[in-house]
Amino acid sequence: MAKISLTVNGRAVTANVDPRTLLVQFLREQLRLTGSHVGCDTSQCGACVVHLDGKAVKSCTTLAVMADGHEVVTIEGLAPEGAALHPMQQAFYEHHGLQCGYCTPGMIMTAVDLVQRKGHELSEQTIRDELEGNLCRCTGYQNIVMAIAAGAKAMAPRGAA
């Protein structure tokens, strides 16, 4: 067993894990944070995306021990303190960017990372290119793309044009 200490959604966590434990397994099974989904176990679908030190990673191919000493944010910890939803979550809700919802947490976490890297004005093509590696089997992606564009704008600081 390996002892790990990390911050998950702003909370300090210490645990003993088998060194082979995937981050998604640790989050879901030990911490009971089930928003990150396991869709493929091969890093193809993106349903498991979380933020590790502020960057999107696929937690199905990241070992829990790799997060030792780092900060992890899951879909459950994305909304700002006191808010029901993060602006990107709200945009997915308002623009019908989900159907079954299985891919939605990974899509949202990827979208927030995209905005942090590329800014608040995103073209449809940029969004579609950046979603490569996130699969949705229910939608035609159009509402997801619209939701991400709206969420990106909603994430802009107040008064920014």
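The values are calculated or read from the model by the stated rules, or taken from the named source; none is laboratory data. If you're wondering where the values come from, they're calculated on a predicted model, not measured in any experiment. Cβ sites come from the backbone with ideal geometry, for glycine too, and all protein chains shown count toward neighbours. Quick note on the areas: whole protein, heavy atoms, side chains included, nothing else; ligands and nucleic acids left out. Shrake-Rupley method; radii C 1.70, N 1.55, O 1.52, S 1.80 Å.
Please report how far the C-alpha centroid of segment 50-91 lies from that of segment 120-161, rounded to the nearest whole angstrom.
18
Have a look at VAL13, LEU31, ALA2 and report the one farthest towards the positive end of the charge dipole of segment 1-43, computed about the Cα centre with Cβ charges (Lys/Arg +1, Asp/Glu -1).
Of the options given, the answer is VAL13.
Round to the nearest 0.05 the FRET efficiency obtained for ARG20 and GLU132 when R0 = 30 Å and r is the Cβ-Cβ distance.
Plugging the Cβ-Cβ distance into 1/(1 + (r/R0)^6) gives 0.60.
For the pair ALA84/CYS40, report the inter-label distance in nm, with labels modelled 7 Å from Cα in the Cβ direction.
3.4
Between GLN125 and GLU71, how high is the FRET efficiency from 1/(1 + (r/R0)^6) when r is the Cβ-Cβ distance and R₀ = 41 Å? Nearest 0.05.
FRET efficiency, GLN125 to GLU71: 0.85.
With r defined as the distance between the Cβ atoms of HIS96 and ALA12 and R0 fixed at 30 Å, what FRET efficiency is calculated, to the nearest 0.05?
Efficiency for this residue pair is about 0.20.
State, as an integer percentage, the relative contact order of segment 3-71 based on alpha-carbon contacts under 8 Å between residues 6 or more apart.
Answer for segment 3-71 is 40 percent.
Using a 1.4 Å probe on the protein heavy atoms, what percent of the accessible area of segment 51-160 belongs to carbon and sulfur?
52
Quick one: dipole size for the chain, taken about the Cα centre, charges +1 on Lys/Arg Cβ and -1 on Asp/Glu Cβ, in debye to the nearest 20.
It works out to roughly 120 debye.
What is the packing order of peptides 69-77, 56-64, 35-43, taking the mean over residues of other C-beta atoms within 10 Å and listing the highest first?
56-64, 69-77, 35-43
Over the chain, what relative contact order in percent results from Cα pairs under 8 Å that are six or more residues apart?
Normalised by residue count, the contact order of the chain is 24 percent.
Working only with C-alpha atoms, what are the Rg and Dmax values of the chain, expressed in angstrom?
Using the Cα atoms of the chain, the pair Rg, Dmax is 15.5, 51 Å.
Per the Kirkwood definition applied to all pairs of different Cα atoms, how many angstroms is the hydrodynamic radius of segment 20-92?
12.6
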